[in-house]
Amino acid sequence: MAGAEIIASAIGILCLIIFGYVLVGGILTTGENTIATQKDYVLMKESQREIDQQETVGTVPPWGIVTPGITAIDIPHSSPRPAFSCVDDSWTFIFTWNWKKCSLTFNITNTGTEMIGDFNQTDISVNVSENIIRGPGFWPYDMIIPANDWIPLKFNPTAVGIGGDQPSGNWSYIQISPDISHPGMLDPNEKMKVQINNFRFLNQPAHFMINVTTPNGVTDTYSQ
């Protein structure tokens, strides 16, 4: 009798273990299925959101396949074209030193279908046909950047509305127009007016080049 009771107890314990294993396995499977379903739902909503966005800019074909967005920029050659605006400037210390103090102004148009918003990763370089001089201070005619060297500039968010500063190595913009959909970002068909101030030359440059590179490597170059 004692042996039968032991065997019965062992069988009962084994049944409980098997039951517990099946129960836990079912719970885990249900949990995994729930997580997978949630992920599928999130992916579906994200895909639908991308389709809606693409439809807004007209890049979804009639059969509903999403085509990749396009990043494209243009530095317009007119209306108005890029230009240096210069004034006579001087500094007096024993002698009077004269030079041109100039600002470079140009537009960047988003001609693609993707918004451009990370201006910290948008690089602008300028190349001019005149030496850039030091300006006010000792030896104001000292050349600090030789003619025809590329001058790299980084975005300065604190200078929006007034323009960047060449001696500080930065660029900024005056305005984006019409700047409706995402204020402060360059949406498709919007135009950004860029200005870089405080270039100093002995003579206004006759020729210059501008290169703009977006965060994902799309570039445009203007030459005059």
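Coordinate-derived values only; no laboratory data. Owing to the predicted nature of the structure, the values given are computational and were not obtained by experimental measurement. Reconstructed Cβ throughout: ideal geometry from the backbone, glycine too, with neighbour counts over all protein chains shown.
Tabulated values for the structure
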| item | result |
| --- | --- |
| Mean-position separation - Cα centroids, the stretch 137-169 and the stretch 107-133, in angstrom | 14 Å |
| Quarter of Cα convex hull surface for the stretch 78-201, i.e. mean projection, nm² | 8.3 nm² |
| Charge dipole (the stretch 73-223, unit charges on Cβ, about Cα centre) - positive-most of ILE162, ASN189, SER85 | SER85 |
| Given charges at Cβ of Lys, Arg, Asp, Glu: the stretch 59-216 dipole, positive-most of GLN175, MET115, PRO146 | PRO146 |
| Two-site label geometry, ALA147 and ASN98: point separation in nm, points 7 Å out along Cα→Cβ | 2.0 nm |
| Cα gyration tensor shape for the stretch 181-223, rounded if a/c is under 1.5, else prolate or oblate | prolate |
| For the stretch 81-224, size of Cβ-based charge dipole, Lys and Arg +1, Asp and Glu -1, in debye | 360 debye |
| Nitroxide proxy distance, nm - points 7 Å out along Cα→Cβ at ILE162 and SER79 | 3.2 nm |
| Burial ordering of ARG81, ARG200, ARG134, fewest other beta-carbon atoms within 10 Å first | ARG81, ARG134, ARG200 |
